[in-house]
Amino acid sequence: MVVTHPFHPLCGERLEVLYVRRFPSGRVYVCDGGRGRNVALDEGATDRGAEPAGRPLTFEVLCELAAVVAALGGGGKDW
């Protein structure tokens, strides 16, 4: 498996999966990190996670989201 998280120190490295742990929040892969160490990686930090978003989260995207929420009636100050 390849580490894809851009800020992970092993980003771009291919690691051997030793075993997989399943949690309600998702999968965690325990891999051979080299030098006798194991590393646990959330599925989202690997090439086995979901595809990256089609576009980055920008101010404009947040404005569009706020407009949709307001149109659905969730834009009130009841919370």
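Quick look at the numbers
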quantity	calculated
Residue in segment 42-60 that is closer than 16 Å to residue 1 by Cβ, free of Cβ contacts under 8 Å to residues at least 24 places away in the same chain, surrounded by 10 or more Cβ atoms within 10 Å (Cβ to Cβ) and under 16 Å from the mean Cα position of the chain (by Cα) present	yes
Candidate set from segment 3-17 (those that are surrounded by 13 or more Cβ atoms within 10 Å (Cβ to Cβ) and of a type in the set (A, V, I, L, M, F, W, C)); member that is nearest to residue 47 (Cα to Cα)	3
Output for segment 18-38, where each listed residue is small (Gly, Ala, Ser) and surrounded by 10 or more Cβ atoms within 10 Å (Cβ to Cβ)	26, 33, 34
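Here, each number is a calculation from the coordinates, and none is a lab measurement. None of these values were measured; they are calculated from a predicted model. Note that each Cβ is placed from the backbone with ideal geometry, even for glycine, and that neighbours are counted across all protein chains shown.
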